[in-house]
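Chemist: What follows is a structure written as structure tokens; I'll ask about it next.
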Amino acid sequence: MAGELAETSGRFSQFDRIVIPARKAMRQSLIYLIATVLAAAFMAPFFWTISSALKGPWEVIAYPPTLVPKEVRWQNFVDIWVRWPFATWTVNSIVVCVLAVIGQTASASVVAYGFARIRFPGREALFLVVLSTMMLPIQVTIIPLFLLYRQIGWLDTLLPLIVPHWFGGGAFFIFLLRQFFRTIPKDLDEAAEIDGCGKLGILWQVVVPLSKPALTTVVIFSFLFNWNEFFQPLFFLNSNDKYTLPLGLRFFQTFPTQGGEPKWHLLMAASTVITVPVVLLFFLGQRYFIQGVVMTGLKG
Amino acid sequence: MATQTIGWRWPVVSRFRLRRSTREALAGYAFISPWIVGFVCFTMGPMLAAIYISMSRYDIATPPMFIGLENYQRAFTADPLFWPSLLRTAYYTMLTVPLGIAGSLLMAVLLNQNIRGKAIYRTLFFLPSLTPVVAMGILWSWLLQPEVGLANLLLWSVGIKGPGWLSDPDLAIPCLVGISLWGSIGGSRMIIFLAGLQGVPQELEEAAELDGAGAWAKFLNVTIPMLTPVILFNLVLGVLDSFGVFAIAYVATDGGPAYATWFYMLHLVNQALRYFEMGYAAALAWIFFALVLLFTYLQVRWSARWVYYSGEEGR
């Protein structure tokens, strides 16, 4: 301890004047080294995926392996669309995502506005119920939901993946938006009210325009969640022309190829295709993304 | 002043003789009504229905038959896969959660250093957590493929014969742990820790330095206590998450080899979708829910001993 103190506050000797900067530089380069090695390790699987996605069926399992494809085969990315129903699955995924994202954002805004801005008896208690549903895993309700959708003929349609999102939009988003709405000065609401604006009008004309960052965060998270969702489609979708992309990819993984031809290259191409939109979205909305994570994680 | 005039005007304008507070309350209920409907139809209703279903024998084809607690009894005493799957899930959780939290925290500390290109490193660490879980499962089963996977090729190039990874019963769970760490360490948890680190008051760190604390002592005695609320948050969520581990195992190993990765959720899903034992699956779901609630409760209770809330002591 004492030695460390002398070092950290050491401005006493000539010796320290040389040693300390040198130590600092060493420490600094060590940090860069660790960070770079880690980043490379985290990226290596992606590199290998893309590299494999561009190889031919036999080069992909060739021995010794080639780091970079000898012959770049863009054809793989065409094949998954032509020889497999990836186009259908993509359309399904897009339909689900667009409708679910709109539903979640719109309905969570309305509900969050109610919780943030309007006084009514039982508000705090109900909000606690909202929060507690955040801790409720989907696994607990999946069986009765499956039976419910079966009763009303929604199984093997995209409806179960869309409609529930229009009712409340999920506890997480209600919470996030409520927190944000509460930071908007109430005077603005009141001014609009004097002008004869109804509550929905206030939400739409005053609150929404001021909440673009929070709403963008909700849109991004909602897209990610719905794009990646696997558990519910697995239960609710049956025939392969109804599949969303994750389910289709799983189907493709387990389906044997003709003559047992290796299909790792196609699987890797498909995995790339399903991941790219998410990564693009992240780059476009990085700022909102990080803000959203921090907001929900720290204040939660 | 302005508010007063509104207060006066409302009852006059209103055609119905409702007090302003009543109108306000009605508007409030109207606004949250989508959530109420959703909660009743898609959450509360199904949960209650699940209780009844869990006490029935129900194979979809024939109407449910009430059998009392038989399904629960079967789970605890007669199902040869129940306890093993629960233990496997516990094993997975005990590896994933502590390693995940420690890993994210260390990475956040690394990024919190004074280095250039922080945003780039952060992005690179973050990207794996965006990968859809099916893609993650497929790409890792390719990387860990025993004969031609990248991992074993690299090992082979330095003269080591690599193991079977996911196809080795002893290694399968640790591999899945590794995969899920790859997909979560640099993700939102790290971002939350990073924000938490930036929120550690400078004066506390300086005070510790004056008291002669080195970097490590400062980290243990100042940084960690300040982060304990965030750690608790991540602990609770982490346990919830990894106890429900499903997709990654379903895609990468399908519960194999020889049931080595047959986690609790895999058991549940197979009961429901393969054997159509809806009653039994619902019972498994309720047991799962009870366990998760118990864990959360215990963690929160236990947290009183180690979580430090700076607000409480009134700065």
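Chemist: Looking at region A:40-95 only, could you name the residues that are assigned to a loop (DSSP other than H, G, I, E, B) and modelled with pLDDT of 85 or more?
Modeler: Correct list: A:L54, A:K55, A:W74, A:P85.
Chemist: Then there's this: How many residues are loosely packed, with under 14 Cβ neighbours inside 10 Å and modelled with pLDDT under 85 when one looks only at region B:155-172?
Modeler: Residues flagged as loosely packed, with under 14 Cβ neighbours inside 10 Å and modelled with pLDDT under 85 within region B:155-172 amount to 4.
Chemist: Continuing with this model, one more query. Within 29 Å of the chain's Cα centre (by Cα), surrounded by fewer than 21 Cβ atoms within 10 Å (Cβ to Cβ) and free of Cβ contacts under 8 Å to residues at least 12 places away in the same chain: which single residue out of A:A22, A:A62, A:A41 fits that description?
Modeler: A:A41
Chemist: With a cut-off of at least 3 residues that are within 11 Å of chain B (Cβ to nearest Cβ) and under 20 Å from B:A27 (Cβ atoms), name the helices (runs of 4 or more DSSP H) lying wholly within region A:127-238.
Modeler: A:186-194, A:199-202
Chemist: Quick one: is A:V207 more than 30 Å from B:A283 (Cβ to Cβ), buried (at least 20 other Cβ atoms within 10 Å of the Cβ) and either touching an Asp or Glu at 6+ places or on another chain (Cβ under 8 Å) or free of Cβ contacts under 8 Å to residues at least 60 places away in the same chain (or both)?
Modeler: yes
Chemist: I'd like to verify a number: residues in region B:218-277 that are in a helix (DSSP H, G or I), among the charged types (D, E, K, R) and touching a residue at least 12 places away in the same chain (Cβ under 8 Å), how many?
Modeler: Qualifying residue count, region B:218-277: 1.
Chemist: Something else: For residues in region B:124-154 being more than 7 Å from chain A (Cβ to nearest Cβ) and not in a helix (DSSP H, G or I), which is farthest from A:W227 (Cα to Cα)?
Modeler: B:E147
Chemist: Taking A:Y288 and the conditions (1) in contact (Cβ under 8 Å) with a residue 12 or more places away in the chain; (2) of a type outside the set (V, I, T); (3) within 11 Å of chain B (Cβ to nearest Cβ); (4) in a helix (DSSP H, G or I), which numbered condition does it fall short on, given that it satisfies the others?
Modeler: Condition not satisfied by A:Y288: (3).
Chemist: Is it fair to say B:W83 is under 30 Å from A:V60 (Cβ atoms) and in a helix (DSSP H, G or I)?
Modeler: Taking the combined requirement at face value, the residue does not satisfy it.
Chemist: Output the residues belonging to region A:65-82 that are more than 30 Å from B:L181 (Cα to Cα) and free of Cβ contacts under 8 Å to residues at least 60 places away in the same chain.
Modeler: Within region A:65-82, A:K70, A:E71, A:V72, A:W74, A:Q75, A:V78, A:W81, A:V82 qualify.
Chemist: Also: Which residue is surrounded by the fewest Cβ atoms within 10 Å (Cβ to Cβ), if the candidates are limited to region B:45-63 and must be closer than 20 Å to A:W154 by Cα and facing chain A (nearest Cβ under 9 Å)?
Modeler: Step by step, filter region B:45-63, then rank; the result is B:I60.
Chemist: In region B:165-224, what count of residues is obtained for those that are closer than 22 Å to B:L127 by Cβ and either within 9 Å of chain A (Cβ to nearest Cβ) or hydroxyl-bearing (S, T, Y) (or both)?
Modeler: Within region B:165-224, residues that are closer than 22 Å to B:L127 by Cβ and either within 9 Å of chain A (Cβ to nearest Cβ) or hydroxyl-bearing (S, T, Y) (or both) number 14.
Chemist: Among the residues of region B:174-207 satisfying the criterion of being under 16 Å from the mean Cα position of the chain (by Cα) and part of a loop (DSSP other than H, G, I, E, B), which is surrounded by the fewest Cβ atoms within 10 Å (Cβ to Cβ)?
Modeler: So the residue we want is B:G187.
Chemist: Taking B:L87, is it modelled with pLDDT of 90 or more, away from every other protein chain (no Cβ under 12 Å) and crowded, with 16+ Cβ neighbours inside 10 Å?
Modeler: Spelling it out, it is not the case that B:L87 is modelled with pLDDT of 90 or more, away from every other protein chain (no Cβ under 12 Å) and crowded, with 16+ Cβ neighbours inside 10 Å.
Chemist: Still on this structure, I have one more. Would you point out which residue out of A:D241, A:D189 is surrounded by fewer than 22 Cβ atoms within 10 Å (Cβ to Cβ), touching a residue at least 12 places away in the same chain (Cβ under 8 Å), closer than 26 Å to A:D79 by Cα and not polar (S, T, N, Q)?
Modeler: None of the others qualify; the one that does is A:D241.
Chemist: Please enumerate the residues belonging to region A:103-125 that are out of contact with any Phe, Trp or Tyr (no Cβ under 7 Å at 6 or more places or on another chain) and more than 7 Å from every other protein chain (Cβ to nearest Cβ).
Modeler: A:T105, A:A106, A:S109, A:G122, A:E124, A:A125
The values are calculated or read from the model by the stated rules, or taken from the named source; none is laboratory data. For clarity, every value in this text was computed on a predicted model and none was experimentally measured. With ideal geometry, Cβ positions are generated from the backbone for all residues, glycine too; neighbour counts draw on all protein chains shown.
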